[in-house]
């Protein structure tokens, strides 16, 4: 067996070890970077040519192909793991569309039934037309009300400032700012009987960019698919909390979690303009290329009557995760997971195959190392998830299936969804204890940008996105949700992170990227526009793969608990500031954050002491090393409250949760945040402030308890 | 350092190792057995002379004394851990009593305000009179209805067969058969406005035994104190889920968990006869010495009007656990816990001091070993819990406080409540994986019975209480609740067990023991009647202490997973038989237990394979040993479902829970059991059977997932 155990030779200085090992690993990628297309051969050739929606035969074929190739690459085992979950498809014989109707109910305008197919894909079958997965069926008719982005604050403005009631009406909102499921929930809560979503050029057109295929903007006939669930982490709507296996009890559709009760449909802006220009109120300008300042367009007249025609069917469908493993040499019962989804709305040129290629390439790279005699200290698990687009279903079912194992054994989960959503710089969202590792690692990776030879990814990123005034380092954000790390991080408390290449947030206002979830997400849009040299994808692969390799093979886990302390302090300050907007109530109801700050202080001291202990640890003693690693690994678990957040039993992380108003965004101290939200309009202020106090108490306890896990174990 | 590490010398044959080490440890006790009173000096002298109710100064003094002595015995650390929890005391200026009232409302008979104090204790102050802790305050008046034991089936019989409605009436029930809190709950559900409980000689008199002090029967003026909560594992009623610290949010009394909404009071049978003989219906015979066959006495006339006068106050009160530690030499982050409560209703002669003495003696014994250079492989934690009598509060708050640590690190919890409740033989309730250890250990302990020299405790026990027809071994029962192991086992999934000396169940029908929770529970009742030679207590000490020492110091954890497989199969068969009482419904609603049996089969195979792996384990490899031990330790954790049982969020063990109808009893597959309960009378049979199917699915998943934790870890 070839000896590549750097950590056993270089165990004195942890940083030094990282440098060396990262360099070694990254070289594996760099060598191949001379032929970038060869680096991602499966990406360009095999996995983006055909639509592979979850639950379709083509997506199963891709799964089988991935399984076969992972075995050939040399993994110890690869298995297909099926679940039978609720998916949702348009009815092939009755298409979905929206009509403008006249006073006799005649349809005087109908929205298009499909997107114009891009050149080269004309003969492809099985392209699913734009739809909102899990929409209720129905043909509601009614006045159309425009509600901006459909955010909580948009509905508040409509109802409170403009006194417009949408009960029994159909609402139209533009995509962007928040997760579409939250828009649907808001519409339902407001009493709407249907909701239409459209991609507004103001949000989905980059300046001075042509629509695809001449550029990477969304054509007027394109529309954004997507699920409109409010699962709150439940996975398959019919089997919340348990894996959707053959014997598993399934709720009826009526009792399913998060299924909207009203019809929902997405349209492109060529169709949207026909609805909007016929509405009362402000008529939008015809020049759709320019960004519409539509913020004042809230509130309409109701001259326009529309009918939604929605026939989408829910059906229990078999999905397949592909799970590959490399058995750990010394600690096979410690798992480091790299997972990303495989299912795509159509071709998945960006989402998810730019990420799936990274997983594939990491497997290939690991296989090469294995063939040279290397074997990581810990077990590495690679996952190709299914049905992410239908509510993170494949990854959540597997987390449910393996929940006992993951709770005891999982070290970290790194997510590998779309690797690129822009051409500007790196974007990382991760748990605070991974910050230092991300910085150390990116210092060892080359910038992929032209003209930055000899510049590290860290420097390139730092220059473009400095954190804040109070910290001179590249920005790292909180994890929100909207991808497969959710169950691992938010439900199970496994340290998690994600990395991708992104746009310049300061100048590019659109959500994700213009062609997101449209038929125009092809391999060519990446090859022509996003990353012609494939260097950006390579850099992202180096970050994701580097994290996995370092987490799996370092003798001591490269988790920095001091960073968690810093973050907790910031979050505590920030939530306190929010509460202090109500100084009188805080006094009246005796609301204090002292216990939380005291807990953060305990945590800070314990974290510092732990890192001091690590300095003097006898690394030759395998039990002592394991004990310290267990403390590091289980820290994230200590933030899990089995009781969950109020009304969200599967969101159990007390420090982080997806925002209740936007699943994509991460909220810190979410229990306190939600208790404070809109508290000035509470019907029962005393009860509302009692709930704030209760949530502060839970947060303080949890942080304090987490601090206890960092102190010497007996 | 003296080398006493038998496990390092004798690591070839696990059974052989146990024998030797047990023998060594047990000798420590046996040497001292020559002077039995010296063996338990603190028991006879110091800790049973004064009342030490939870929350009183005397109980704090005892805590301080225990702390001091444990330090002197040589523990590494001992700390007092306070919590501020809801307790309940009679109002000193307004005593509680029950009156018979005439038609004008005059009180024509009042029950006694206190028990006659036993000889020798006449000058003792602070004896709390018999009361029902957490009773609601109030002075309800009404007809008195006798409802036998107040069990679910007793109320069913009253309501369904006799058509008697107790709404707005006061019920009187006899103690016994089930936990008193369940009686209160049943009375509330039936609409009663108050409930009186009495100790019937039929249940609390042993044949041919005199009342104390001439024998160990309950005098007619004695009554059973006790809390009447329905906490379902919540601990302090105002802080469910979180430790009751200074900063902790407290619910209002109205929102507190499990507090009865009606007045409750216990009386002795001298008082009870005055109520019963004046009721309509069957008049009980005057000969209270003989066992009354009162089963036919359900259903009364309502000629008797009574008034309850209850002024008991709830108040948040400081309690103190004493926590002592011996740091583990090799695995300080693995905890073996011996805990028992200290608080007593009055003197606690049996409950709990016969158990607290065992803890004390085990600490002293461990201290002696420490002084000779011994140190256990794992950390041992000794606990003197407070406020057990008020709902397992001290132990539950500490479990909540340390929940993150315990989840990751606790190997086992051994309970040390009353060590003796009879004079017949050993009684053990424990998790199945401890069965083998209990058998192995008791074979090394001498029988305490006269005339059994040279006979082992195992043989003595086996002879008196053989398991069943299908297994030739002493009976071991399921854990129910009613003592401090509850939070550790049922909420956290830590392997747990308890052992005590017990009565002959076949001939002695009373619950616990006649003087239970009365002022007559003195040291003298043990010394004169229960265990004059103190050999029985010594045997119990050897069992409890032996379990702790073996769990803490064995290189491989002495947990037998095959036994769990056997038990799961029995439980699955038994719950299936229960369902099969409804063959038509099972067919109609397609109810099948196949998935559960299939999971049990998986578990059985995985358990067998694990034990085979243990045979060939390289015991010189500390990481491999740790990995196997982790699998053994975390097995119990795998049965925990964070979602909890329906309506009982703190009962999270899928295999075991306290019965919904009797907290004292353990129910296997409680989710399925409760779904099946009284299903023939369900208002919506389809929905009821759907719930049965859902619960079977959860049980099957959980057993299957637990089996996965036993397979090789990668």
Review point. Got a number for residues in the stretch A:704-714 being surrounded by fewer than 24 Cβ atoms within 10 Å (Cβ to Cβ) and either in contact with a strand residue (DSSP E or B) (Cβ under 9 Å, 6 or more places away or on another chain) or facing another protein chain (nearest Cβ under 8 Å) (or both)?
Key: 4
Check your understanding: Counting only residues that are in a helix (DSSP H, G or I), away from chain A (no Cβ under 14 Å) and surrounded by fewer than 19 Cβ atoms within 10 Å (Cβ to Cβ), how many does the stretch B:254-272 have?
Key -> 1
**Study point:** the stretch B:667-703, subset under 25 Å from residue B:634 (Cα atoms) and more than 9 Å from chain A (Cβ to nearest Cβ), residue surrounded by the fewest Cβ atoms within 10 Å (Cβ to Cβ)
**Key:** B:668
Revision key, fill the gap. Restricting the stretch B:132-149 to residues that are farther than 24 Å from residue B:256 by Cα and within 32 Å of the chain's Cα centre (by Cα), the one surrounded by the fewest Cβ atoms within 10 Å (Cβ to Cβ) turns out to be B:148
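A quick yes/no check of all residues on (1) in contact (Cβ under 8 Å) with a residue 24 or more places away in the chain; (2) under 27 Å from the mean Cα position of the chain (by Cα); (3) surrounded by 18 or more Cβ atoms within 10 Å (Cβ to Cβ):
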{"site": "B:551", "(1), (2), (3)": "yes, yes, yes"}
{"site": "B:578", "(1), (2), (3)": "yes, yes, no"}
{"site": "B:585", "(1), (2), (3)": "yes, no, yes"}
{"site": "B:600", "(1), (2), (3)": "yes, no, yes"}
{"site": "B:608", "(1), (2), (3)": "yes, no, no"}
{"site": "B:619", "(1), (2), (3)": "yes, no, no"}
Revision key, fill the gap. Counting only residues in the stretch A:195-205 that are under 23 Å from the mean Cα position of the chain (by Cα) and either assigned to a loop (DSSP other than H, G, I, E, B) or surrounded by fewer than 24 Cβ atoms within 10 Å (Cβ to Cβ) (or both), the one modelled with the highest pLDDT is identified as A:199
Review point. Somewhere in the stretch B:365-372, is a residue at pLDDT 95 or above, more than 14 Å from every other protein chain (Cβ to nearest Cβ) and not in a helix (DSSP H, G or I)?
Key: no
Practice item. Collect the residues in the stretch A:305-362 that are within 14 Å of chain B (Cβ to nearest Cβ) and assigned to a strand (DSSP E or B), keeping them in residue-number order. Key: A:323, A:324, A:325, A:326, A:331, A:332, A:333, A:334, A:335, A:336, A:337
Point to revise | Residue ID - surrounded by the most Cβ atoms within 10 Å (Cβ to Cβ), chosen from residues in the stretch B:631-648 that are within 7 Å of another protein chain (Cβ to nearest Cβ) and either assigned to a loop (DSSP other than H, G, I, E, B) or free of Cβ contacts under 8 Å to residues at least 12 places away in the same chain (or both) | key: B:638
**Study point:** Test: residue A:415 is surrounded by fewer than 24 Cβ atoms within 10 Å (Cβ to Cβ) and within 26 Å of residue A:68 (Cα to Cα)
**Key:** no
Point to revise | Single condition residue B:238 does not satisfy, out of (1) buried (at least 24 other Cβ atoms within 10 Å of the Cβ); (2) in a loop (DSSP other than H, G, I, E, B) | key: (1)
Exercise for review: Identify the single condition in (1) in contact with a strand residue (DSSP E or B) (Cβ under 6 Å, 6 or more places away or on another chain); (2) within 14 Å of another protein chain (Cβ to nearest Cβ) that residue A:405 does not satisfy, given that it satisfies every other one.
Suggested key: (1)
Practice item. Looking for whichever is part of a loop (DSSP other than H, G, I, E, B), more than 20 Å from the chain's Cα centre (by Cα) and within 14 Å of another protein chain (Cβ to nearest Cβ) here; the options are A:246, A:208. Which one fits? Key: A:246
Practice item. Please find, within the stretch A:597-623, the residue that is farthest from residue A:334 (Cα to Cα) out of those that are facing chain B (nearest Cβ under 9 Å) and in a helix (DSSP H, G or I). Key: A:598
Study note, to complete from the structure: Being in a helix (DSSP H, G or I) and closer than 18 Å to residue B:534 by Cβ narrows B:418, B:433, B:460, B:395 down to just B:460
**Study point:** Failed item in (1) within 14 Å of chain B (Cβ to nearest Cβ); (2) over 20 Å from the mean Cα position of the chain (by Cα); (3) at pLDDT 95 or above, with residue A:654 passing the rest
**Key:** (2)
Point to revise | Which numbered condition residue B:429 misses (of (1) more than 14 Å from every other protein chain (Cβ to nearest Cβ); (2) farther than 23 Å from residue B:523 by Cα; (3) surrounded by 24 or more Cβ atoms within 10 Å (Cβ to Cβ)) | key: (3)
Practice item. Please work out which residue is nearest to residue B:704 (Cα to Cα), limiting yourself to the stretch B:587-596 and to residues that are more than 10 Å from chain A (Cβ to nearest Cβ) and outside any helix (DSSP H, G or I). Key: B:593
Review point. Given the conditions (1) at pLDDT 95 or above; (2) outside any loop (DSSP other than H, G, I, E, B); (3) within 26 Å of residue B:342 (Cβ to Cβ), which single one is not true for residue B:524?
Key: (1)
Review point. Which ones in the stretch B:477-500 are surrounded by fewer than 24 Cβ atoms within 10 Å (Cβ to Cβ) and not in a loop (DSSP other than H, G, I, E, B)?
Key: B:477
Practice item. Could you check, for the stretch B:557-572, whether at least one of its residues is within 14 Å of chain A (Cβ to nearest Cβ) and surrounded by fewer than 20 Cβ atoms within 10 Å (Cβ to Cβ)? Key: no
Check your understanding: Looking at this structure, is residue B:628 in contact with a helix residue (DSSP H, G or I) (Cβ under 8 Å, 6 or more places away or on another chain), closer than 22 Å to residue B:438 by Cα and either more than 14 Å from chain A (Cβ to nearest Cβ) or crowded, with 17+ Cβ neighbours inside 10 Å (or both)?
Key -> yes
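The values are calculated or read from the model by the stated rules, or taken from the named source; none is laboratory data. The structure presented is a predicted model; accordingly, all values stated were derived computationally and were not measured. For neighbour counting, all protein chains shown are included, and Cβ atoms are generated from backbone atoms with ideal geometry for every residue, glycine included.
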